[in-house]
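**Q** Would you mind keeping the following structure in view while I ask a few things?
The values are calculated or read from the model by the stated rules, or taken from the named source; none is laboratory data. Computed from a predicted model, the values in this text were never measured in an experiment. Here the Cβ positions follow ideal geometry from the backbone for every residue, glycine too, while neighbour counts run over all protein chains shown. Surface accessibility is based on the protein's heavy atoms, side chains included, excluding ligands, DNA and RNA. Shrake-Rupley method; radii C 1.70, N 1.55, O 1.52, S 1.80 Å.
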Amino acid sequence: MEPGEINTQQNMMERFAALSRIGTALMRELNEERLLNMIAETACELTGAAFAAFTLRPVNEEGQPLVASEGNLFHLAAVVGVTKEQETLFRRMPLGGEGLLAPIFREGVAVLVADALAHQHHHHQSTQAQAGKNAAREAAIAYSHGKISTEGLLSMGVPAGHPTIRSFLGVPLLDRALQVRGGLLLGHPQPDKFTPDDEMLLVGLAAQASVALENARLFHAVQMRAQELNAIFESIADGITLIDSHGTVVRENGTARRLRKALLERPEQQQTLDTLAAILNEPARQALQGEVVQDITVTAFDEHNEQREYLVNASPFNSPTSSGSLPHLNNAPSNGNNTATGAVVIWHDVTEARHLIIEQRIHADTEARRVLLQRILDELPSSVYLVRGHDARLVLANRALTTVWGATWMPGQPMTTFLAENGIRIVGIDGHPMEQAQLATLQAVRQHETVRSKQEIIRHADGTTIPVLVNAISISASDLNLSLWDTSQTTNSESEPAAIVVHQDVTALKEAEALKDEFIGIAAHELRNPLAVLKGFSQMLIVQTARGKGPQLTDWQLEALDGIDQSTVRLVELIDDLLDVTRLQAGQLELSIEPTNLIDLVRRVMGKQRITTAQHTLNLHTALEHLVVNIDTRRMEQVLNNIIGNAIKYSPDGGTIDVTISEDRAQLFALLSIKDTGIGIPVEQQARVFGRFVRGDNARAYGIGGTGLGLYLSRELVERHNGRIWFESTEGKGSTFTISLPVKEQE
């Protein structure tokens with residue numbers, strides 16, 4: 001063998017050895033960018049190329065091509081042997097699949113050209129660019145099928161800025177389906193730099209590169225899937241723990257780690273061990289013996305030290321798992337007794353689900369009670385409704401309410417909005433519109449008061465009216481758990497006020513009362529004349545006898561005349577009360593309002609009342625020297641005489657009567673209370689005590705007389721002064737009546 005041939009053979013062996021070494025390195029490299037640069041650099045090293053470019057065809061996640069193998073949509077993946085400016089140019093440059101590149105990209109055939117300029121010369125003989133492209137494409141197809149030699153190929157030239165190419169060598173990169181995956185392109189500025197051996201060597205390098213790229217892609221896909229699975233595993237809300245055959249925890253997600261850490265950090269050591277055994281060790285032991293553990297209920301504390309309830313499930317599996325560095329489970333069985341190579345334990349937090357079930361049951365029970373209550377209310381003849389909040393939003397109402405209001409009040413709608421939208425007005429028995437603060441419903445929710453037997457007249461938009469007797473009971477929303485009933489509530493606070501309101505239509509009663517009032521008015525007027533005669537004659541006899549005129553009367557005759565005189569006085573007072581009642585009902589009672597010192601008025605009334613009794617002590621308690629109110633002095637004196645007189649009358653055994661006067665500066669109200677220690681008012685009759693001709697049964701039992709008109713007149717007169725009167729009473733212990741009157745504002 002000649003020395004030249006020996007050197008060539010040794011050179012070839014060295015190149016193939018280098019190719020083998022680089023192939024091994026390529027198989028270990030899994031980063032695609034470093035892999036492509038390594039291939040390009042190796043190609044230059046083995047062939048002596050001045051520069052090398054690596055192009056790739058876009059593929060999807062499964063490795064399927066996204067574009068046709070035309071080359072124009074291939075992208076530059078790596079390039080060596082060029083400047084940074086040239087690399088930037090190449091990356092912006094569309095890679096065409098024409099000319100010398102067409103056999104590589106279109107047909108997957110290697111191309112070795114000794115001098116590209118020679119091929120480019122034939123291209124310039126074409127008169128039209130498109131004709132040149134067609135000719136180059138036909139030549140590429142013919143070359144790929146072995147019909148022409150390399151000399152028959154046509155070059156389309158290189159763009160401006162591209163390095164000069166004389167020697168050109170390009171091989172395709174084929175995948176397992178022999179589809180073109182990309183191309184490895186070599187160039188040199190001098191001709192005849194590449195040999196057929198270089199071509200063979202480059203084909204082998206491309207084959208190794210294809211396998212290496214496939215491995216890198218598969219590794220990347222597996223790595224991405226592993227990351228996805230790990231993210232899914234960690235995002236599972238349930239606690240999941242994997243156990244190997246030795247009882248060692250090999251893997252657990254974040255929920256399981258947090259729970260086990262919380263258990264181990266509990267200060268109650270015995271409870272920790274017992275809970276850990278129940279929630280992890282015992283289910284794992286059973287699963288490693290081949291059993292399936294289902295729905296064991298365990299109570300434990302989480303990382304926030306809150307008690308939680310878990311359902312524990314455990315199942316065996318036969319896939320071996322490499323052990324981690326976590327500690328062994330207590331009492332874990334040995335591998336020789338196992339029927340499974342591992343187990344999975346799942347901790348499912350059912351705390352919220354159990355709470356939700358309980359809440360659903362409570363809601364269902366509440367709804368059933370609400371439906372029953374609604375049915376009961378709907379059968380009542382009087383209108384009944386339930387409101388909440390300072391704006392009196394409707395919660396519940398019966399059918400009769402629509403008849404009373406003449407319109408439908410929607411749940412959640414404030415009372416004032418409902419009245420305004422439907423043109424409904426509420427007036428007093430005197431026919432004047434009532435202020436919002438005077439409405440019984442708003443009094444109950446805003447001032448937390450219980451209003452009994454208040455007369456209101458509902459005037460509909462069409463002018464029709466309905467007189468009603470209103471009872472409003474103030475309660476708290478929490479008393480009835482209204483948060484479950486009122487779906488329209490705008491607050492979560494259960495301490496807000498609420499009220500149950502009953503409207504009794506008293507139209508028929510008003511008509512009957514009107515007839516009775518008319519009769520009383522006529523009778524009272526007719527009685528005044530004979531009473532005036534009786535009083536006049538009795539006064540005349542007493543006066544004339546005292547003056548010595550006429551025969552001297554005996555003591556019993558004088559006593560009889562005095563009795564007649566006192567009886568006529570009481571009859572006149574009764575007739576005056578009856579006439580006041582008729583005036584009130586007819587709206588004809590007029591008040592003469594003027595500024596009055598309430599302290600002086602009360603002292604004057606108490607002075608008169610002290611004369612009438614020797615068994616009672618009347619005390620006035622106040623820190624005020626004067627308190628000016630706008631009142632009708634004569635009518636308010638009538639009210640005070642009624643209330644203080646009742647305190648004396650209904651305390652037959654005597655005792656102390658305390659009168660207290662104070663001022664609410666915030667609300668500009670004077671408060672006057674009269675407290676006695678008398679017989680009190682029976683509970684069952686307290687709701688009607690302000691009615692006409694109403695008296696307590698215990699008053700009759702004590703033989704205490706009265707007409708039952710005093711409290712009725714007192715309430716009507718106080719309310720016509722824009723005031724309020726209410727009471728608290730306990731039978732056998734006494735009563736306290738309170739009057740609230742507006743204070744005259746200072747100039």
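**Q** Please tell me if Leu574 is part of a loop (DSSP other than H, G, I, E, B), in contact with a Ser or Thr (Cβ under 8 Å, 6 or more places away or on another chain) and either surrounded by 11 or more Cβ atoms within 10 Å (Cβ to Cβ) or among the aliphatic types (A, V, I, L, M) (or both).
**A** Spelling it out, it is not the case that Leu574 is part of a loop (DSSP other than H, G, I, E, B), in contact with a Ser or Thr (Cβ under 8 Å, 6 or more places away or on another chain) and either surrounded by 11 or more Cβ atoms within 10 Å (Cβ to Cβ) or among the aliphatic types (A, V, I, L, M) (or both).
**Q** Let me ask another. Pick out the one residue from Ala670, Ala647, Ala687 that is part of a strand (DSSP E or B), of a type in the set (A, V, I, L, M, F, W, C) and open to solvent by less than 40 Å² (accessible area, probe 1.4 Å).
**A** Details: Ala647 fails: part of a strand (DSSP E or B); Ala687 fails: part of a strand (DSSP E or B).
Matching residue, one of Ala670, Ala647, Ala687: Ala670.
**Q** Select from the range 413-460 the residues that are at pLDDT 90 or above and part of a loop (DSSP other than H, G, I, E, B) and list them in ascending order.
**A** Within the range 413-460, Gln413, Asn422, Gly423, Ile424, Leu439, His460 qualify.
**Q** Filter the range 651-677 down to residues that are touching a Phe, Trp or Tyr at 6+ places or on another chain (Cβ under 8 Å) and of a type in the set (Asp, Glu), then give me how many there are.
**A** Residues meeting the conditions: 2.
**Q** Evaluate the following for Leu709: is it surrounded by fewer than 21 Cβ atoms within 10 Å (Cβ to Cβ) and touching a Ser or Thr at 6+ places or on another chain (Cβ under 7 Å)?
**A** no
**Q** Please enumerate the residues belonging to the range 159-205 that are among the small types (Gly, Ala, Ser) and in a loop (DSSP other than H, G, I, E, B).
**A** Listed by number, the residues that qualify are Ala160, Gly161, Ala177.
**Q** Here is a further query. Could you list, in sequence order, the residues of the range 369-410 that are open to solvent by 70 Å² or more (accessible area, probe 1.4 Å), of a type in the set (Val, Ile, Thr) and not in a helix (DSSP H, G or I)?
**A** Across the range 369-410, the qualifying residue is only Thr408.
**Q** Have a look at Gly708, Gly680 and point out the one that is in a loop (DSSP other than H, G, I, E, B), over 14 Å from Asn642 (Cβ atoms), of a type in the set (Gly, Ala, Ser) and out of contact with any Pro (no Cβ under 9 Å at 6 or more places or on another chain).
**A** Values: Gly708 fails: over 14 Å from Asn642 (Cβ atoms).
Answer to the selection: Gly680.
**Q** Scan the range 673-684 for residues that are closer than 17 Å to Asp697 by Cα and open to solvent by 80 Å² or more (accessible area, probe 1.4 Å) and jot them down.
**A** Val683, Glu684
**Q** Starting from residues that are touching a residue at least 24 places away in the same chain (Cβ under 8 Å) and over 30 Å from Leu713 (Cβ atoms), keep the ones in the range 418-452 and report whichever is surrounded by the most Cβ atoms within 10 Å (Cβ to Cβ).
**A** Filtering first and then ranking leaves Phe418.
**Q** Can you find a residue in the range 161-176 that is at negative phi, at pLDDT below 75 and open to solvent by 20 Å² or more (accessible area, probe 1.4 Å)?
**A** The first filter runs over the range 161-176 and keeps only residues at negative phi, leaving 162-176.
Then keep just the ones that are at pLDDT below 75; that gives 162.
When the remaining residues are screened for being open to solvent by 20 Å² or more (accessible area, probe 1.4 Å), the result is 162.
Looking for residues that are at negative phi, at pLDDT below 75 and open to solvent by 20 Å² or more (accessible area, probe 1.4 Å), one finds at least one in the range 161-176, hence yes.
**Q** Can you find a residue that is at pLDDT below 70 and either open to solvent by 30 Å² or more (accessible area, probe 1.4 Å) or among the β-branched types (Val, Ile, Thr) (or both) anywhere in the range 468-480?
**A** yes
**Q** Ok, one more. What tally of residues in the range 563-579 results from selecting those that are among the acidic types (Asp, Glu) and touching a helix residue (DSSP H, G or I) at 6+ places or on another chain (Cβ under 7 Å)?
**A** From the range 563-579, those among the acidic types (Asp, Glu) are 565, 573, 576-577; that's our starting set.
From what's left, touching a helix residue (DSSP H, G or I) at 6+ places or on another chain (Cβ under 7 Å): 565, 577.
Counting residues in the range 563-579 that are among the acidic types (Asp, Glu) and touching a helix residue (DSSP H, G or I) at 6+ places or on another chain (Cβ under 7 Å) gives 2.
**Q** Could you tell me whether any residue of the range 694-712 is touching a residue at least 40 places away in the same chain (Cβ under 8 Å) and within 48 Å of the chain's Cα centre (by Cα)?
**A** No: the range 694-712 contains no residue that is touching a residue at least 40 places away in the same chain (Cβ under 8 Å) and within 48 Å of the chain's Cα centre (by Cα).
To keep it simple, each residue is scored yes or no on (1) part of a helix (DSSP H, G or I); (2) within 56 Å of the chain's Cα centre (by Cα); (3) charged (D, E, K, R).
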{"site": "Glu559", "(1), (2), (3)": "yes, no, yes"}
{"site": "Asp562", "(1), (2), (3)": "yes, no, yes"}
{"site": "Glu590", "(1), (2), (3)": "no, yes, yes"}
{"site": "Ile599", "(1), (2), (3)": "yes, yes, no"}
{"site": "Met606", "(1), (2), (3)": "yes, no, no"}
{"site": "Ile661", "(1), (2), (3)": "no, yes, no"}
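**Q** Search the range 725-747 for residues being out of contact with any Asp or Glu (no Cβ under 7 Å at 6 or more places or on another chain), in contact (Cβ under 8 Å) with a residue 60 or more places away in the chain and of a type outside the set (A, V, I, L, M, F, W, C), and hand back the single one that is surrounded by the fewest Cβ atoms within 10 Å (Cβ to Cβ).
**A** Glu745
**Q** Follow-up. So Ile611 clears everything in (1) hydrophobic (A, V, I, L, M, F, W, C); (2) surrounded by 13 or more Cβ atoms within 10 Å (Cβ to Cβ); (3) modelled with pLDDT under 90 except one condition, right? Which one?
**A** (2)
**Q** A further question on this structure: Against the condition open to solvent by less than 70 Å² (accessible area, probe 1.4 Å) and closer than 21 Å to Ile39 by Cα, how does Asp244 come out, does it pass?
**A** Numbers: open to solvent by less than 70 Å² (accessible area, probe 1.4 Å): yes; closer than 21 Å to Ile39 by Cα: no.
Considered against the rule, which asks whether it is open to solvent by less than 70 Å² (accessible area, probe 1.4 Å) and closer than 21 Å to Ile39 by Cα, Asp244 comes out as no.
**Q** Anything in the range 481-502 that is modelled with pLDDT under 85, of a type in the set (A, V, I, L, M) and open to solvent by 30 Å² or more (accessible area, probe 1.4 Å)? List them, or say none.
**A** Leu484
**Q** Moving on to the next point. Determine the pairs where a residue that is under 18 Å from Asn641 (Cβ atoms), located within the range 567-586, has a partner that is part of a helix (DSSP H, G or I) and at pLDDT 75 or above with Cβ atoms under 6 Å apart, the partner being 6 or more residues away or on another chain.
**A** That search, which allows pairs on different chains as well, returns Asp580/Leu713; Leu584/Glu716.
**Q** Ile681 fails exactly one of the following numbered conditions: (1) touching a strand residue (DSSP E or B) at 6+ places or on another chain (Cβ under 8 Å); (2) free of Cβ contacts under 8 Å to residues at least 12 places away in the same chain. What is the number of that condition?
**A** Tallying (1) touching a strand residue (DSSP E or B) at 6+ places or on another chain (Cβ under 8 Å); (2) free of Cβ contacts under 8 Å to residues at least 12 places away in the same chain, Ile681 fails exactly one: (2).
**Q** Of the conditions (1) within 28 Å of Arg570 (Cβ to Cβ); (2) touching a Leu at 6+ places or on another chain (Cβ under 8 Å), Val743 fails just one. Which one is it?
**A** (1)
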